[in-house]
Amino acid sequence: MMITFPNKSEKEKAFYELIHSKTHFSGVDKNTIIIQEKDCQFLESKHIKYERIP
């Protein structure tokens, strides 16, 4: 699933949490990453705002 972040702060929080949780993700560009559905739920549990890209 591709997601993007509304601002730099949310992106930084997301990267910090994803790296420390040892989640696998791939960067697409500066503000877009690919993660699994369960990892989206993880970000939501950390109150990190993101948008899903269809």
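The values are calculated or read from the model by the stated rules, or taken from the named source; none is laboratory data. It should be emphasised that the depicted structure is a prediction, and the values quoted were computed from it without experimental measurement. Here the Cβ positions follow ideal geometry from the backbone for every residue, glycine too, while neighbour counts run over all protein chains shown. The accessibility values were calculated without ligands, DNA or RNA, using every heavy atom of the protein model including side chains. Shrake-Rupley method; radii C 1.70, N 1.55, O 1.52, S 1.80 Å.
Structure above, values below:
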{"read-out": "Percent RCO, i.e. relative contact order, over the chain, from Cα pairs under 8 Å lying at least 6 residues apart", "value": "56 percent"}
{"read-out": "Sum of -39500 (n - 2.57) over DSSP H runs of 4+, divided by residues of the chain (222 nm, nearest 500)", "value": "-12500 deg cm²/dmol"}
{"read-out": "Per-q log10 I(q)/I(0), region 6-54, q = 0.24, 0.33 Å⁻¹ (Debye; single scatterer per alpha-carbon; no solvent)", "value": "-0.93, -1.85"}
{"read-out": "10 Å Cβ shell holding at most 15 others, DSSP loop, trypsin sites (Lys or Arg not before Pro): longest site-free stretch of the chain", "value": "1-21"}
{"read-out": "Exposure ranking of E44, E17 by accessible area [1.4 Å probe, largest first]", "value": "E44, E17"}
